1. Taking the Cα centre as origin and putting +1 on Lys and Arg beta-carbons and -1 on Asp and Glu beta-carbons, what dipole magnitude results for the chain, to the nearest 20 debye?
2. How large is the Kirkwood hydrodynamic radius of the stretch 1-44, in angstrom, based on all distinct alpha carbon pairs?
3. Among all stretches of the chain without exposed GluC sites (Glu not before Pro) (DSSP loop, at most 10 other Cβ atoms within 10 Å), which one is longest?
4. Give, in nm to one decimal, the length gained when the segment between Arg301 and Leu198 is fully stretched (0.36 nm per residue of separation minus the Cα-Cα distance).
5. Rule-of-thumb check for the stretch 192-421: C-alpha Rg over 2.2 N^0.38 Å?
6. Label-point separation (nm) for Asn167 and Met1, each offset 7 Å from Cα along Cα-to-Cβ?
7. Under the rule of -39500 (n - 2.57) per DSSP H run of 4 or more residues, summed and divided by the residues of the chain, what mean residue ellipticity at 222 nm is obtained, to the nearest 500 deg cm²/dmol?
8. Exposed loop sites here are chymotrypsin sites (Phe, Trp or Tyr not before Pro) in DSSP loop states with at most 16 other C-beta atoms within 10 Å. What is the longest stretch of the chain lacking them?
Amino acid sequence: MKIGVVGIGRVGLPFAAVCSKHFDTIGIDISESIVQAVNHWDSFAEPEVEKYIRAYNLKASTNFKLLSDRDLVFFFVGSQTPGLGYSSKKLLASMEMAAPYIREKQVLVISTTIPPGELSSAIIPRLESIGILSKSKGLGYSPAMIALGSAINDFEKPNYIMIGESNKYVGDIVEKFWRVIAGEHVPIFRSSIANIALAKYTLNIALVMKISLMSLVTELCEKQSGDVDVIASIFKAEPRIAGTGMFRGGLGYGGTCFPVDVEAIRHECDRLGVPTSLLDAVTELNEWQVERSVAIVKSFRKKKISVLGLTYKANTSIVEASQGLEIARRLSEEGLDVTVYDPEGMPSAKTVLGDMVTYARSLTEAISESDVIFVAVDWPEFKDLKESDFNPSQIVIDPWRLFKGRPLPSKYYGFGIGGKL
């Protein structure tokens, strides 16, 4: 089976890298710089990607004609659009570019997140009008349910797989593909493309609500002498609350998926006349994590602040909607002297923060002269800091409780631990 992957960005590239381990795979992208980076084995922030590209010789090109001999063609073209959440415009543009090279034997699979409402109103009619559906064996929708920072592992060892299919043949071929990648025992859910599109939205909204719930519980624990880690462990034992991945108190959500998912579903609700009060509450609570973090730092009336972590999560270089970055910005705007450090996110953060902050060259440099150290992201290397790296005059504010139980010489304040703030 030969695989083509159109769109080899943040999600498409890890997917293509995994495909190359099992299949003859070509990555196609309109960006010459991305193609050159792949073909020259550049380093990538996403863990394991460079190793897979080297080991399995993934090739990339800007030439859509190379899709003509592929059995399966996956589309991972970005669909995020400010103000709408998602839009199908870029996806449709890429499929139009691919259309002249699609052959009868091929199956097309969209893995880009697509708005359910646009399926019948825009995507299907447009694909029919350019003849790409009649030329191929049919259309599938298999959205990526992965997290940046662990994409390779998530593609290879998914908890489940969703396949939307325009016909049974499409579903059979896509399931056969995933069985090679993920094995025989992973659950696979097959249904209409519309059902799978709605499921993708629903799942991410549920994850956002889970994160926001734990943000609320974290603050309640601080005010009522609780311990959020104990509460979370009890939640995990409750079978009616499925899954345990988001039950961890700390800061709120960010990145390129969850905020856009909330925006997208709100747009869809507005279009359909459905109340959005629940989504408004989720967004408000998430934004409040930044507000309260800034207020806590300011309450100590110190001048020099270090913010450790600028990406929206560990093991990625993505800073979009990062709460750590926003906290650093807000503290600087309040007139504080802010130093920042992140293992992967510094170049991207500089394009946002500019000269508002000082950029430390190392972790130890970031904290050496600071009065207050705010640990915004749970990067593993932050936890490796030794007690001797701190001094008694410093204040450590630790939303993720990386140093919980450690004999730090500094004053220590972990989010979610009662009586500490």
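Nothing in this text is a laboratory measurement; each read-out follows from the coordinates by a stated rule. Computed from a prediction, not measured in an experiment: that's the story for all the values here. We place every Cβ from the backbone using ideal geometry, glycine too, and count neighbours over all the protein chains shown.
1. Value, rounded to 20: 560 debye.
2. The answer is 10.5 Å.
3. Of all site-free stretches, the longest is 185-421.
4. That pair, Arg301 and Leu198, stretches by 32.3 nm at full extension.
5. 1.05
6. Each label point is offset 7 Å from its Cα along the Cβ direction, giving 1.8 nm.
7. Estimated from H runs of four or more residues: -12500 deg cm²/dmol.
8. 161-299
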